[in-house]
Amino acid sequence: MVQQLVLKNFVNQLVKKIKSCEELPVAPFSSISVENMADNTDRMVLSNDQQYLYDICLEISHGECYSDLALRKPDPVAHSRWLTTAGRILRLYVVTEKPSGNLIILAAYIMKVYSTCVVPCQDKALLNRRSAAYFKTYLIF
């Protein structure tokens, strides 16, 4: 019961914060390594939301958020578009000075699992590694 209240409180705060996260300055943050993200994705085949998610994932994985991405505004929250919500959660991660454990877990999941699902990949070897990673995730849950 207590755990449900804590989770509900976290979700309510998260929903409020992601609506205005682009107005906050970037804070120092810990990098999150991503093994299955292609460094050479053709950006011309990506939608705006995919490009934003791809760019912020690469920058978080390198441990730096450069000024051009810090100045970019993610699209507004649309609950029917998980892509915008995921991008905004990662943006919230890079602007939060001391992220909670729940925010770190959520950001890591988006980086390591979700983003690799929604950003297309042309590299066959990387595609095979992604498939193996998805299967491992499936076995965990």
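The values are calculated or read from the model by the stated rules, or taken from the named source; none is laboratory data. Computed from a prediction, not measured in an experiment: that's the story for all the values here. When we count neighbours, we look across all protein chains shown, and the Cβ atoms used for this are built from the backbone with ideal geometry, even at glycine.
Any idea how many residues of the range 85-118 are more than 9 Å from the chain's Cα centre (by Cα) and of a type outside the set (A, V, I, L, M)?
Here is the first cut: in the range 85-118, the ones more than 9 Å from the chain's Cα centre (by Cα) are 92, 94-105, 113, 116-118.
From what's left, of a type outside the set (A, V, I, L, M): 96-102, 116-117.
Number satisfying all stated conditions: 9.
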- Item | First in the range 6-20 and part of a loop (DSSP other than H, G, I, E, B), second anywhere and surrounded by 11 or more Cβ atoms within 10 Å (Cβ to Cβ), Cβ under 7 Å, 6 or more apart | Lys19/Val77
- From the set of residues in the range 42-96 that are crowded, with 20+ Cβ neighbours inside 10 Å and aromatic (Phe, Trp, Tyr), which is nearest to Ala108 (Cα to Cα)? Tyr93
- Inspect the range 89-96 for any residue being closer than 13 Å to Val118 by Cβ, at pLDDT 90 or above and in contact with a helix residue (DSSP H, G or I) (Cβ under 6 Å, 6 or more places away or on another chain) and give the result as yes or no. yes
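What tally of residues in the range 21-32 results from selecting those that are surrounded by 13 or more Cβ atoms within 10 Å (Cβ to Cβ) and either modelled with pLDDT of 85 or more or not in a helix (DSSP H, G or I) (or both)? Explain how you work it out, then say what you get.
Step one: filter the range 21-32 for residues surrounded by 13 or more Cβ atoms within 10 Å (Cβ to Cβ), giving 21-22, 24, 26-27, 29, 32.
If we keep only those that are either modelled with pLDDT of 85 or more or not in a helix (DSSP H, G or I) (or both) as well, we get 24, 26-27, 29, 32.
Of the residues in the range 21-32, 5 are surrounded by 13 or more Cβ atoms within 10 Å (Cβ to Cβ) and either modelled with pLDDT of 85 or more or not in a helix (DSSP H, G or I) (or both).
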- Task: Quickly run through the range 97-138 and pick out the residues that are modelled with pLDDT of 90 or more, surrounded by fewer than 18 Cβ atoms within 10 Å (Cβ to Cβ) and part of a loop (DSSP other than H, G, I, E, B).
- Result: Glu97, Lys98, Ser100
- When Gly87 is evaluated against the numbered criteria (1) in contact (Cβ under 8 Å) with a residue 40 or more places away in the chain; (2) not in a loop (DSSP other than H, G, I, E, B), which criterion, by number, is the only one it fails? (1)
